[in-house]
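Since the structure comes first, as structure tokens, the remarks are kept for the end.
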């Protein structure tokens, strides 16, 4: 009696396919689990990054560095206005102009302006000149927020006219560089304790 022939190659292949199919579900589960773990790690890293960024942002807005930056900005703004005030004076409104000078000053500079105020007014009325300033640039050369002091350098364009026999002359503009030693006063903010021209 003849026994049926079995093709071993075919049988082996069928068995291997069956084995692969049996192994596939487990491999898929492993990949899903791995992907899940990776996603969880990335989510954790992302959360940490968000928290760190939030802390840095808060410190930038409210930390000591932010207060120092704000104080520096205040000093720059004040220096710009003071430089403008001290380089502007009109013989038609000289008393008002000198009031502005005094309001911009403190210490020795205030004393000097106040002491010589009448002399400045008389001289300006005599020559009948008017000066108008425009601040080109201002920067702090020194700044000590704890001490409440600063040193500013300002570049100012000053246009001057003179009344000659009732006629205003053509404006003459020159650029001056001024050094301002600033002091932060308790009630009135930054004021100039001294002012001097910087010669080229």
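Counting residues in the range 61-71 that are surrounded by 11 or more Cβ atoms within 10 Å (Cβ to Cβ), modelled with pLDDT of 95 or more and not in a helix (DSSP H, G or I) gives zero.
Within the range 111-122, track down each residue that is in contact (Cβ under 8 Å) with a residue 24 or more places away in the chain and touching a strand residue (DSSP E or B) at 6+ places or on another chain (Cβ under 9 Å). Talk me through it step by step, then tell me what you get.
Within the range 111-122, the first condition is being in contact (Cβ under 8 Å) with a residue 24 or more places away in the chain, and the residues that meet it are 120-121.
Across the range 111-122, the qualifying residue is only 120.
Sub-6 Å Cβ pairs linking a first residue in the range 123-140 that is outside any strand (DSSP E or B) to a second residue that is crowded, with 18+ Cβ neighbours inside 10 Å, at least 6 apart or interchain, are 124/91; 124/94; 125/91; 128/91, ordered by first then second residue. Listed by first and then second residue, the pairs with beta-carbon distance under 6 Å, at least 6 apart or on different chains, first residue in the range 172-200 and free of Cβ contacts under 8 Å to residues at least 60 places away in the same chain and at negative phi, second assigned to a strand (DSSP E or B) and surrounded by fewer than 13 Cβ atoms within 10 Å (Cβ to Cβ), are 177/198; 179/196; 179/198. Considering only the range 149-168, how many residues are out of contact with any helix residue (DSSP H, G or I) (no Cβ under 7 Å at 6 or more places or on another chain), modelled with pLDDT of 95 or more and either part of a loop (DSSP other than H, G, I, E, B) or under 22 Å from residue 112 (Cβ atoms) (or both)? Qualifying residue count, the range 149-168: 5. The set of residues in the range 89-101 being under 24 Å from residue 78 (Cβ atoms) and surrounded by fewer than 16 Cβ atoms within 10 Å (Cβ to Cβ) consists of 90, 93, 95, 96, 99. Count of the range 129-139 residues, restricted to those that are under 14 Å from residue 76 (Cβ atoms) and in contact with a helix residue (DSSP H, G or I) (Cβ under 6 Å, 6 or more places away or on another chain), is 2. Close Cβ contacts (under 6 Å, 6 or more residues apart or on different chains) running from residues in the range 73-85 that are touching a residue at least 12 places away in the same chain (Cβ under 8 Å) and at positive phi to residues that are assigned to a helix (DSSP H, G or I) and surrounded by fewer than 18 Cβ atoms within 10 Å (Cβ to Cβ) are absent.
The values are calculated or read from the model by the stated rules, or taken from the named source; none is laboratory data. All values derive from a computational prediction rather than experimental measurement. Positions of Cβ are backbone-derived with ideal geometry, glycine not excepted, and every protein chain shown enters the neighbour counts.
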